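Shown next, in structure tokens, is the structure this report addresses.
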Amino acid sequence: MSLSPQGQTLLQLLVDKIRDGRFTRVNGRAVGDTEWWSGEIRAAIVYDWSIFVNDTPPPTLPELIEFTRAVVEGRVALLESTIRTRCEGLRCRARQYYAGSDGRLQCEVCGWTKPDNRFSGHIVELHHIRPLADLPSDGSTLTLAEAIASLAPLCPNCHRCAHSRRGDRNTFTIEELKTMVPSRLPDSGIYGD
Ligand SMILES: [Zn+2]
Ligand SMILES: [Zn+2]
């Protein structure tokens, strides 16, 4: 591995700063251990830091002014919007279809189930594999079997992930999510010590 002239300058700068005596021991290493430090700094310079870089542009001044203004939350407003209606009967049948022997739904991606019946309601949600927005405006007519197969039970976490594909508005498929989200099933090792 070779360092660019810029990297070498940075390395020299850092090593000099450390030799200044500002630190005596860092991470259990003596400051005099320049070989180890050089290795650490070299690794840091070539490390792909881009994963830590937030790709949303910084706010502009008008936006910052807007952010720091007092906001009113919770004011009642009349909302007018177009929504996609869902068939409540289908959701009820689908919940029965996907429920396990204990009556609980299990996330198809990570295996999460509601851990305690003192939590009310259906926490595992039914996700439309084909987004509702893609259907014709007058809806689509399916057999009950087709309609149930078009839904997948997902925990709120995986459901949010499914709809969070960066760059376009398509959802992730269940198969894609399974390769991206760790399983929470007891034998997966996630819960083990
Ligand atoms: Zn899940
Ligand atoms: Zn969904």
About its Cα centre, how strong a charge dipole does the range 88-188 have in debye, to the nearest 20, once Lys and Arg get +1 and Asp and Glu get -1 at the Cβ? 280 debye
In the range 78-181, which trypsin sites (Lys or Arg not before Pro) are in a loop and have at most 14 other Cβ atoms within 10 Å, using DSSP for the loop call? Arg84, Arg86, Arg118, Arg165, Arg166, Arg169
R0 of 35 Å, Cβ-Cβ distance Asn170-Asp102: FRET efficiency to nearest 0.05: 0.55
Using all Cα-Cα distances in the range 88-188, what percent lands in each 5 angstrom bin from 0 up to the longest? 2, 12, 22, 23, 20, 13, 6, 2, 0
Give me the extension gain from Ala44 to Thr179: residue separation times 0.36 nm, minus the current Cα-Cα distance, reported in nm with one decimal. 45.7 nm
Dividing the mean separation of Cα pairs under 8 Å (6+ apart) by the residue count of the range 88-188 yields a relative contact order in percent of 33 percent
Pull out the extension gain between Thr34 and Leu61, defined as 0.36 nm times the separation in residues minus the alpha carbon to alpha carbon distance; nm, one decimal. 5.3 nm
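Values in this text are rule-based calculations from the coordinates and carry no lab data. Computed from a predicted model, the values in this text were never measured in an experiment. Neighbour counts are summed over all protein chains in view; Cβ atoms, including those assigned to glycine, are modelled from backbone coordinates with ideal geometry.
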